[in-house]
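Below is one structure, written out as structure tokens; comments come after it.
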Amino acid sequence: MNKTANPRAWLFVIPVVGLVAFNALIPLMTVVNYSVQETFGDNVFFWEGVKWFEQVLNSDRFHDAFLRQLAFTGMILAIEVPLGIAVALSMPRKGPWVSVCLVLMALPLLIPWNVVGAMWNIFALPDTGLLGRMINGLGIEYNFTQQPVAAWLTTVLMDVWHWTSLVVLLAYAGLCSIPDAYYQAAKIDGASSWAVFWRIQLPKLKRVLTIAILLRFMDSFMIYTEPFVLTGGGPGNTTTFLSIDLVKIALGQFDLGPAAAMSLIYFLVVLLLCWVFYTLMMRGEDR
Amino acid sequence: MKSQKWLVPTFYIVFLMLPIYWLLNMSFKTTNEILGTFSLIPLEFTLDNYRKIFTDPTWYNGYLNSITYVVINTVISVSVALPAAYAFSRYRFLGDKHLFFWLLTNRMAPPAVFALPFFQLYSAFELFDTHIAVALAHCLFNIPLAVWILEGFMSGVPKELDETAYLDGYSFWRFFVRIFMPTIAAGIGVAAFFCFMYSWVELLLAKTLTSVAAKPIAATMTRTASTAGYELGLLAAAGTLTILPGAVVIYFVRNYIAKGFALGRV
């Protein structure tokens, strides 16, 4: 769309900038402040320079949490994206079932995150939960509160349950926007359904899938509540992802300096990803 | 091949519904039954768990607190986002693209990074443990979301509409309220829905900023889970009740929900 230059448009934006800046800049400056200082309480602070940053970047604990985070994000993307596309492809295009599918599939997205955790906790408990009972009934020993592998699989499964619908909804919206003429042309050419998928549907889905992948990437990168309620980061530290670790250091141990330094590193990583996201998303748009 | 297509969504939906069913099932059981026997349907059907929630103030106040700050947040977010989104969709101005990107970074910021500074910030303003504090804190990610969604919807409205209205002698605000807002009513509804939803599902900040007076239902639940031991039935009933608001309104936004999740970009 052609936009007119209008410097006074700033007036429209001021309330938004004010509110968001209050929430974003002041806390961010607080974090920066803590990240370079040491305190022994009583509001007495000492300048420490980059000590905390070095400490965090060199600590095994941070490396482990970061690697766990990357592994988790990689796993859920590898499952959710193909599964989401598969479900979207086989959903009906019209008729009364469309609404039923959309409403039921969107339901997990609207459940408070701690309830998702609590629900999966109840669902997967080895003695009282349906899932735990079923797996143990198959003769496989399963207890996600004690076995690291089981805890991981349960967390991943929970995320797949929670967020695959996001990919489904976006992919479905993308599929519905492909004009019928494309399919008719493919039919005349005698294209197989596989060819239709690779040559027509997937290229047309590129934009929505970019959005879906990047949203999932970023939201899973800051996941906190669901695994915290489900496993509490355990057993041991096996499901302690970045946010959980950060909250443990900041609010649990009250180690302000290291927590602040870790916050900033974490935030910079997210910021970088955000920029990639923005660039990719805005690419096709004429602005 | 073609006739079996319905199997995939069906299996998927069954998979989605199983944990929800289990939660519902648990909520109608007594604690004894949950711990003692294993059954697919409640054997001693009871409404005690729900009765407890609706009669015990610590429980139902949790819901009232959550709804209060969620509504305040939605009203603030949408009303300040409306003019801003209009500016972004219609005008070029100094730093517009940078500002638009900066807003997005706040939607993507991990709340864990902000938990401690928020606590101190709102304590300093003596807003700790008030509904306003949580409502304002949630603006961090909800205002950017609302701006992006609304901008997406507004960019779909041809500019000729604005120009015609000005030619007809409408003042800006009269045009905005009388003509433009009704035109993008669906977008406003979707933005409000998403603000409501993200504020409703968020726990970390809400929990950090409250202790007693404004404690959200989600925090009440986690506290029950850890202190009162295994009152699973009660927990399940409380969980079921938190699903309801979303389940009720979801029908109205079903066709726009993809657009909302994609920040107005599908």
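The values are calculated or read from the model by the stated rules, or taken from the named source; none is laboratory data. Quick caveat, the model's predicted, so the values are computed rather than measured. Glycine gets a Cβ as well: all are built from the backbone with ideal geometry, and neighbour counts include every protein chain shown.
The table that follows gives values for the structure above.
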read-out: Qualifying residue in segment A:44-66 (condition: assigned to a loop (DSSP other than H, G, I, E, B) and either within 21 Å of the chain's Cα centre (by Cα) or facing chain B (nearest Cβ under 8 Å) (or both)); value: no
read-out: Scope segment A:210-243; condition in a helix (DSSP H, G or I) and more than 8 Å from every other protein chain (Cβ to nearest Cβ); matching residues; value: A:T210, A:I213, A:L214, A:R216, A:F217, A:D219, A:S220, A:E226, A:P227, A:F228, A:L230, A:T231
read-out: 1 or more residues among the acidic types (D, E): qualifying helices (runs of 4 or more DSSP H) within segment B:1-101; value: B:31-36, B:48-55
read-out: Any hit, segment A:146-161, residues being farther than 30 Å from B:T37 by Cα and within 11 Å of chain B (Cβ to nearest Cβ); value: no
read-out: Within segment B:22-68, tally of residues that are within 24 Å of B:A135 (Cβ to Cβ) and surrounded by 16 or more Cβ atoms within 10 Å (Cβ to Cβ); value: 10
read-out: Count - residues of segment B:229-264 that are facing another protein chain (nearest Cβ under 7 Å) and surrounded by fewer than 22 Cβ atoms within 10 Å (Cβ to Cβ); value: 6
read-out: Search result, residues across segment B:72-119 that are basic (K, R) and without any contact (Cβ under 8 Å) to a residue 40 or more places away in the chain; value: B:R92, B:K97
read-out: Of residues in segment B:177-220 being in a helix (DSSP H, G or I) and of a type in the set (S, T, N, Q), the one surrounded by the fewest Cβ atoms within 10 Å (Cβ to Cβ); value: B:T183
read-out: Filtered residues of segment A:131-159 (kept if under 25 Å from B:T220 (Cα atoms) and surrounded by fewer than 22 Cβ atoms within 10 Å (Cβ to Cβ)); value: A:T145
read-out: Leading residue by the ranking (surrounded by the most Cβ atoms within 10 Å (Cβ to Cβ)) among those in segment B:111-127 that are among the aromatic types (F, W, Y) and more than 7 Å from chain A (Cβ to nearest Cβ); value: B:Y122
read-out: Residue count, segment A:140-156 (criterion: more than 19 Å from A:L67 (Cα to Cα) and without any contact (Cβ under 8 Å) to a residue 24 or more places away in the chain); value: 4
read-out: Residue satisfying all of: in segment B:9-37; in contact with a Leu (Cβ under 9 Å, 6 or more places away or on another chain) and at pLDDT below 85; nearest to A:A106 (Cα to Cα) among these; value: B:I34
read-out: Complete set of residues in segment A:88-137 that are among the hydrophobic types (A, V, I, L, M, F, W, C), farther than 17 Å from B:I257 by Cα and within 7 Å of chain B (Cβ to nearest Cβ); value: A:W113, A:V115, A:A118, A:M119, A:W120, A:I122, A:F123, A:L130
